[in-house]
Every structure is written in C-alpha cells, then in structure tokens.
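Chemist: Have a look at this one.
Read-outs: derived from the displayed coordinates by stated rules, not from any lab. None of these values were measured; they are calculated from a predicted model. Here the Cβ positions follow ideal geometry from the backbone for every residue, glycine too, while neighbour counts run over all protein chains shown.
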Amino acid sequence: MDDINTLRRILHECRTLAVVGLSAEWHRPSYFAAKYMQEHGYRVIPVNPRYREILGEKCYASLRDIPDKVDLVDVFRKAADVPPIVEDAIAIGARVFWQQLGVKNAAAAERARAAGLESVMDRCVKIEHGRLFGGLNWVGVNTKVISAKRPRWLAY
C-alpha cells in the first residue's frame, strides 16, 4: 500500500499497535520505532517471548495472548516467519497487518487482504508517521508530500 491518504488514515485511526519481535535493547530498530510511536500517543503492546516487559508495557509471547483489542500488527521478523503471524493477526481481529521496512512476504500480505485486513509491506511506521504527521520535512528530508496546507488531522 503506497497511497499517502490511506497510510495517513491508517496511522490516524489505529491507536493500539502490537509490535511482533520488539526488542528491549535500545539500539535495535524495533525499540526505536516503538518508543517513537509510544511518545506520539500510540499504545504499543510488545510481542516477544524473551521478555516480561518492554517500554513499560507487559510483553506477550504471541498475538493470541493479548487480552486487549489490537488495531495494527507491526511485524519486525524475517519474511519466512511472517505466515503464522498473519494467521494470528486475523484470529485476534486486527484491522491492519504491517510488515516493517525490509520485511516482504507477498503471500502473507495477500492472505491478510483476503481476510479483510489492510496490508502494508516494506514500510516503517515511525518513518511514515514522521513523514505524514511529523517534522521530517523541516530537517531537509524529501517526504514526497507536496502541499501548502496542513493535514486535516494530526495523529496526536
């Protein structure tokens, strides 16, 4: 999914993110992205069987263990590990299945779409949020968003 308006709508509406493969190590990309999203008003639910807690949130071993409603499943795992994760995302009633930058499993993306989930592949939630709502353009990054107007809504 590359449509700017769709990505903006997803990030505006989906306020609870389950991050599969979130690491507690501060230098890992998953930690950095999750911390950024948490600081911008999103609830981040860590999913990693190695930890009890990450970023002040209880960590779950799998998506199916999460008792709360999840809007978006963000996957920080290698592409070969994605098929069972998409099945879990479907089972818990997530609305969006998001494969992080560098994660490309087209079959899983198609399976998510077939089950009624929106699917985003090979994109970073942090980068997209910064590009569409944040201030990446103010530090010289070409966000490919050309407008003299502010977005109709901000994510926070």
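Chemist: Once the dipole of the range 4-139 is set up with Lys and Arg at +1 and Asp and Glu at -1 on Cβ about the Cα centre, which of Gly130, Ala18, Ile85 lies farthest towards its positive end?
Modeler: Checked the options; the winner is Gly130.
Chemist: Against the empirical 2.2 N^0.38 Å scaling, what ratio does the C-alpha Rg of the range 4-139 come to?
Modeler: In units of the 2.2 N^0.38 Å rule of thumb, it is 0.96.
Chemist: Add +1 for every Lys or Arg and -1 for every Asp or Glu among the other residues with Cβ under 15 Å from the Cβ of Arg43, and state the total.
Modeler: -2
Chemist: Find the relative contact order for the range 4-139 and round it to a whole percent, using C-alpha pairs within less than 8 Å whose residues are 6+ positions apart.
Modeler: 22
Chemist: So if we plug the beta-carbon distance of Arg52 and Ala114 into 1/(1 + (r/R0)^6) with R0 = 35 Å, what FRET efficiency do we get, rounded to 0.05?
Modeler: With R0 = 35 Å, the Cβ-Cβ based efficiency is 0.50.
Chemist: Still on this model: Would you mind working out the magnitude of the charge dipole of the range 4-139 relative to its Cα centre, with +1 at each Lys and Arg C-beta and -1 at each Asp and Glu C-beta, to the nearest 20 Debye?
Modeler: 160
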